[in-house]
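The next block holds one structure in the form of structure tokens; read it before the comments.
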Amino acid sequence: MKNWKFVMASTILGSSVLLGACGGNTTQQGSSESAEQGSSESEAAQLEGEVSGDGSSTVAPIMEGIVEEYAGAQPNVQVTVGVSGTGGGFEKFIQGETDFSNASRPIKEEEAKSLEDAGIDYTEFLLAYDGLSVVVSKENDWVEDLTVEDLKKLWVEDGTTKKWSDINPEWPDEEVVFYAPGTDSGTFDYFNEVILEEEDLVSAATLSEDDNVLVQGIQADPNAIGFFGYAYYQANQDTLKVVKINGVEPTNETIESGDYSPLSRPLFTYANNTSAAEEEQVYDFLEYTLENAGEMAEAVGYVALPQEEYDKGLADLEALKQ
């Protein structure tokens, strides 16, 4: 697999990806070894058809990288991945519009019930770990560390105008400018659960399902603060500053160990069991995803799972064909 770090920014900037039906010619070599290799590759690339997914913008960098790599392995399979947010992705999944749905939180009870009512069986697959990152502009020279209590005081709507000096009287007496993922986002849901504890998000926040909108807004304003997946911070760390939470900075090590608490979380994709079992190209793409998710996760700025988790996912996928 390619080293994807150098194309991280351009990968993240895509709101969706359409790759696959673009097979190219390779230069022919004179040796019998090359001919045999070409024959082997040709035999391996016999699948055709379409695979569709949607869901989390946080998972998108992993999935977009995998889709582009998969296009080289199976050029006659067209894979589309939308980025409607975790909740929006599940809506399409429930309607039977997609073969898989990417999520930055576990499926909700009501979503599972809707899938049951629709007669859709599904399987959950873990892809990677993420550390939801709280960030400010590089021009912000006063915030280095916030507690969970500070975050709640900042982000919960209480009818007041929030100022940095409310958290620390030595900080500027300036209004805080908030940027947050949209309400269809699994990142929003996760922050709501562990920080807001189901209270209302500050009404002054600018919300967007597109994490790049959040990045650009925070970059441009020293009084801004926002949150999104670790990979988006990694891709923009030259112009953003990550804030420690309870004294811990999100890193590969602190996310994997769980020390970056409570903002460490797993990332998922959910597969339609019927599609995986009956559509060979869907099964093949999901298999390719699980085989390569760990390496791709590390390449684009997330944290790979232990290998046994991917092995378990592959076993669960194989069971769908039996």
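The values are calculated or read from the model by the stated rules, or taken from the named source; none is laboratory data. Just so it is clear, the structure is predicted and the values come from calculations on it, not from any experiment. Note that we place each Cβ from the backbone using ideal geometry, even for glycine, and neighbour counts take in every protein chain shown. Protein only, heavy atoms only, side chains kept; ligands, DNA and RNA dropped before computing areas. Shrake-Rupley method; radii C 1.70, N 1.55, O 1.52, S 1.80 Å.
Some values worked out for this structure:
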| quantity | calculated |
| --- | --- |
| Percentage relative contact order, the stretch 177-257, counting C-alpha pairs under 8 Å, at least six apart | 32 |
| Percentage of interatomic Cα-Cα distances in the stretch 50-99 larger than 17 Å | 34 |
| Extension reserve of the Glu48-Asn273 stretch, reckoned as 0.36 nm per residue once the Cα distance is removed | 79.1 nm |
| Ordering of 88-97, 170-179 by burial proxy (mean other Cβ atoms within 10 Å per residue, highest first) | 88-97, 170-179 |
| For the stretch 210-260 and the stretch 102-146, distance of Cα centres in Å | 15 |
| Shape of the stretch 104-148, Cα gyration tensor, a/c cut at 1.5 | prolate |
| Once the Cα gyration tensor of the stretch 134-215 is diagonalised, semi-axes √(5λ) in Å | 21, 15, 12 |
| Glu193 versus Ser165: modelled label distance in nm, points set 7 Å from Cα along the beta carbon direction | 3.8 |
| Debye intensity ratio I(q)/I(0), log10, the stretch 190-253, q values 0.15, 0.26 Å⁻¹ (C-alpha model) | -0.54, -1.39 |
| Only Lys, Arg (+1) and Asp, Glu (-1) charged, at Cβ; the chain dipole about Cα centre in debye | 640 |
| The chain - mean residue ellipticity at 222 nm from DSSP helices (-39,500 (n - 2.57) per run, n ≥ 4, rounded to 500) | -11500 deg cm²/dmol |
| ³J(HN,Hα) computed for each position of the stretch 107-113 - Karplus, 6.51 cos²θ - 1.76 cosθ + 1.60, integer Hz, glycine/proline x | 4, 7, 4, 5, 5, 4, 5 |
| The stretch 150-288 - convex hull of alpha carbons, volume per residue in Å³ | 144 |
| Amide proton proximity set for Lys163, modelled H, under 5 Å, gap of 5+ | Val176 |
| Accessible-area composition of the stretch 188-322, carbon plus sulfur, in percent [1.4 Å probe] | 40 |
| Approximate spin-label separation Glu280-Ser203, in nm, with each point projected 7 Å along Cα-to-Cβ | 5.8 |
| Ala112-Asp311 pseudo-label distance in nm [points 7 Å out on the Cα-to-Cβ vector] | 2.7 |
| Charged-residue dipole, Cβ positions (Lys, Arg, Asp, Glu), the stretch 95-172 about Cα centre, Debye nearest 20 | 260 |
| Per-pair calculated FRET efficiency, R0 = 41 Å: Ala220 and Asn76 via Cβ, rounded to 0.05 | 0.40 |
| Long-range amide H partners of Asn102 with built H, under 5 Å | Asp54, Gly55, Ser56, Tyr270 |
| Solvent-accessible heavy-atom area per residue, rounded to whole Å², over the stretch 62-203 at 1.4 Å | 42 |
| Alpha-carbon Debye profile of the stretch 69-171, log10 I(q)/I(0) at 0.10, 0.14, 0.16, 0.17 Å⁻¹ | -0.55, -0.81, -0.89, -0.92 |
| Relative contact order (%) - criterion: Cα under 8 Å, at least six apart; region: the chain | 25 |
| Order of exposure, largest accessible area first, which applies to Leu267, Leu201 with probe 1.4 Å | Leu201, Leu267 |
| Signed unit charges on C-beta, dipole axis of the stretch 57-178, positive-most listed residue Asn168, Ser84, Tyr70 | Tyr70 |
| Cα pair distances exceeding 14 angstrom across the stretch 233-275, given as percent | 60 |
| Whole-number accessible area per residue in Å² for the stretch 213-322, which is evaluated in the context of all protein chains at 1.4 Å | 39 |
| Share of Cα-Cα pairs in the chain lying beyond 38 Å, as whole percent | 19 |
